[in-house]
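Below is one structure, written out as structure tokens; comments come after it.
The values are calculated or read from the model by the stated rules, or taken from the named source; none is laboratory data. Please read all numbers here as calculations on a predicted model, not as lab measurements. Reconstructed Cβ throughout: ideal geometry from the backbone, glycine too, with neighbour counts over all protein chains shown. Keep in mind that these areas ignore ligands, DNA and RNA; they rest on the heavy atoms of the full protein, side chains included. Shrake-Rupley method; radii C 1.70, N 1.55, O 1.52, S 1.80 Å.
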Amino acid sequence: MEKTIAGISTEEFFASGHRACAGCGVALAARHALKAAGKNTIVVTATSCLEVFSTPYPETSWRVPWIHGAFENAAAIASGIDRALKTLGKRKDTNLLVFGGDGGTFDIGLQALSGAAERDQNFCYVCLDNAAYMNTGIQRSGATPKYASTTTSPAGKIIHGKTEFKKPMPFIMAAHGAYVATANITFPLDFINKVKKGLAFDGPAYIQVYVPCPTGWKFANNLTIDIAKLAFETKITPLYEIEKGILTISRKPAKEIPVKEYLKLQGRFKHVTDDEIRDIQQHVNNEWKRLLELEKNKSRVC
Amino acid sequence: MKKPKITVGAVIEEPGSTIKNKTGGWRSFRPVRDKKKCTKCGLCWQFCPDNAINENFDVNYDYCKGCGICANICPFKAIKMVKEEK
């Protein structure tokens, strides 16, 4: 029997010595996703922080077969691998795991991912959501929350950070008929179980994991888990699963915490006014209400 | 000087080879565990982004970047961050 600590396997497929910043949420998510997938896994990674810090040539952190193509085509490469494995008759005992950052998923890789999901390709796509293009220098992406200051949506006199809310990516993937789940690195076991479920699912699976970035969000690097936990408790990133169009909330926060508690710890939100905090709170409340209704009615989300 | 061998397609042939790169040099604070306070709950091990805490909850200073997540997450305050001095 495999050895576990708190229900998590002690086997490591993601080696130390990678060049991620101290306190990186992405490195932690990659470590746990690989624990979920195990030894018989092929990993595809889109251009991202993860790709850059895990494979500085001629070294690699991966202890499983790994391939990187370009920014936009991770899902297309995975489609090819899926077909090849099927042809070789090895599809059943091989896990196919794809990693993309939020930029490589929400914006640049969306058409390849949409195409692969439409063709009903079988892989588990893990979107590492740190809410901006961190690797290239903190540019805003479709996943950046409203009012967050980035290098391409800087807070100043004209705008107060990004002017749009986050793209509802999990629902876009749910509309493709994929197994969809959102996760948070504060709950590694929940994340591992969702990745396992995604890998076992016959068809495309999309898991969006919330990974704070000390460098891009401007907070002390020992607070990564605290911030991720606050994002869950303030309902900024609810945890849910969508199976066959039916939504279930995986975990509900025990108490009401205002979003201000989450915002005030991060430099990217230091300019926000009370009115803007109210706007964010209103948006979070509406989204949460919508999720509760979807869960209660058991109606298809799309 | 011998030219380094470049593989076809820049394939990296040695899995997990970043272990050659000792990231411990980045650290300015080191986590020190008080074994008396430690209850071996495993939270520090779970949340280390660098696999720098082993199954016995000892810190591997070759790779620990000193982020301090372990000291911050520890419910028993068994890990202290101590300034590195030369």
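Some points to look at:
- Number of the exception - A:Ala22 against (1) at the interface with chain B (Cβ under 8 Å from one of its Cβ atoms); (2) buried (at least 21 other Cβ atoms within 10 Å of the Cβ); (3) touching a residue at least 24 places away in the same chain (Cβ under 8 Å); (4) closer than 30 Å to B:Lys3 by Cα: (4)
- Of all the residues in the range B:8-38, those that are open to solvent by less than 50 Å² (accessible area, probe 1.4 Å), more than 7 Å from chain A (Cβ to nearest Cβ) and either in a loop (DSSP other than H, G, I, E, B) or among the β-branched types (Val, Ile, Thr) (or both) number 2.
- In the range A:218-230, the residues that are part of a helix (DSSP H, G or I) and among the charged types (D, E, K, R) form Cβ pairs under 7 Å with partners that are modelled with pLDDT of 95 or more and open to solvent by 30 Å² or more (accessible area, probe 1.4 Å), at six or more places apart or across chains, as follows: A:Asp226/B:Asn72.
- B:Met81 fulfils the conditions (1) surrounded by 13 or more Cβ atoms within 10 Å (Cβ to Cβ); (2) modelled with pLDDT under 95; (3) not in a loop (DSSP other than H, G, I, E, B) except for a single criterion, (2).
- Here B:Asp62, B:Asp50 are screened, and the one residue that is in contact with a Ser or Thr (Cβ under 8 Å, 6 or more places away or on another chain), facing chain A (nearest Cβ under 8 Å) and buried (at least 20 other Cβ atoms within 10 Å of the Cβ) is B:Asp50.
- Hey, A:Tyr262 closer than 22 Å to A:Ile138 by Cβ, at pLDDT 95 or above, surrounded by 13 or more Cβ atoms within 10 Å (Cβ to Cβ) and out of contact with any His (no Cβ under 6 Å at 6 or more places or on another chain) or not: yes
- Taking strands (runs of 3 or more DSSP E) as the structural unit, those lying wholly within the range A:46-149 and holding at least 3 residues that are crowded, with 19+ Cβ neighbours inside 10 Å and within 18 Å of the chain's Cα centre (by Cα) correspond to A:95-101, A:124-129.
- Of all residues making up the range A:238-296, the number that are out of contact with any Phe, Trp or Tyr (no Cβ under 7 Å at 6 or more places or on another chain) and in a helix (DSSP H, G or I): 22
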